[in-house]
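A short worksheet on the structure shown next.
The values are calculated or read from the model by the stated rules, or taken from the named source; none is laboratory data. Just so it is clear, the model here is predicted, and its values are computed rather than measured. When we count neighbours, we look across all protein chains shown, and the Cβ atoms used for this are built from the backbone with ideal geometry, even at glycine.
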Amino acid sequence: MTQAAPHPPASGATTWRALFADDGGDPLDACKNAPPLTQAITKAAQKFPSACWNDVESGCRDEVGKLLDLSVERVLFDGWMKLERFKKCVEESKVNPEDAFFQDLDDHEIASTHKPRIELRYGAVKVADLDFEIELALKAKGVRLEVRAGKVVCATAGVFSANAKLSLHDQVLVEKATPEFAAPARIRFA
């Protein structure tokens, strides 16, 4: 997965934004001028004094730009923690922190939904809410996890593919999918 990210973040984690970036571009550029978003921002900005409109618009666009800065590794780990056999592996590794534990996983899909809200305020008065929904899905084939001291330290994997959809007030702003891509021989987790 880290090879699929042209611009990995400084923290070392791969973000969904980097995963879907085409040729280093920002995958959210396509939605920044989408009618549902521009209409919502324009409507909200008009509730502020006219001198603030540009600040409201640029602030909203900056916040939308952060919505896919979620860690792919975090979504994977959270999904794996729902598997009973993986939970057992993690617990065993906590009891014996010096030992490496391995867990093979069948082909699987991990999906998560996130509902961030941008709340616009003028002083103490709430002017508007922008309610987003991000649906993320990652399909993995041939994953073997190495767990030490209760943490996934690396994964050996074959093939991944991913989907993401960003909506505002139930209107789709952007939907992207990756083709299947080979993961590096070993994916290290922070």
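Some observations on this one:
- Taken together, the criteria place Gly150 among residues that are closer than 24 Å to Phe77 by Cβ and touching a residue at least 60 places away in the same chain (Cβ under 8 Å).
- Complete set of residues in the range 154-179 that are over 30 Å from Glu119 (Cα atoms) and either crowded, with 18+ Cβ neighbours inside 10 Å or in contact (Cβ under 8 Å) with a residue 40 or more places away in the chain (or both): Ala155, Ala157, Phe160, Thr178
- Residues of the range 47-71 satisfying the condition of being of a type in the set (Gly, Ala, Ser) and under 21 Å from the mean Cα position of the chain (by Cα): Gly59, Gly65, Ser71
- Candidates Glu109, Glu146: the one that is in contact with a strand residue (DSSP E or B) (Cβ under 8 Å, 6 or more places away or on another chain), more than 30 Å from Thr42 (Cβ to Cβ), among the acidic types (Asp, Glu) and buried (at least 16 other Cβ atoms within 10 Å of the Cβ) is Glu146.
- Going through (1) without any contact (Cβ under 8 Å) to a residue 60 or more places away in the chain; (2) surrounded by fewer than 16 Cβ atoms within 10 Å (Cβ to Cβ) one by one, Ser93 falls short only on (2).
- Restricting the range 72-101 to residues that are of a type in the set (Asp, Glu) and under 27 Å from Ala164 (Cα atoms), the residue that is nearest to the chain's Cα centre (by Cα): Glu73
- Within the range 20-43, tally of residues that are at pLDDT below 80 and not acidic (Asp, Glu): 10
- Filter result for Ala164 (of a type in the set (A, V, I, L, M) and in contact with a Lys or Arg (Cβ under 6 Å, 6 or more places away or on another chain)): yes
- Counted residues, the range 53-95 - those being part of a loop (DSSP other than H, G, I, E, B) and either out of contact with any strand residue (DSSP E or B) (no Cβ under 9 Å at 6 or more places or on another chain) or farther than 30 Å from Phe20 by Cβ (or both): 2
- Cβ-Cβ distances below 7 Å connect the following pairs, each with a first residue in the range 11-25 that is on the phi > 0 side of the Ramachandran plot, a second residue that is at pLDDT below 75, and a separation of six or more residues or different chains: Gly12/Ala190; Gly24/Pro6; Gly24/His7.
- Subset of the range 177-190 that is over 16 Å from Phe102 (Cα atoms) and part of a strand (DSSP E or B) - its residue that is modelled with the lowest pLDDT: Ala182
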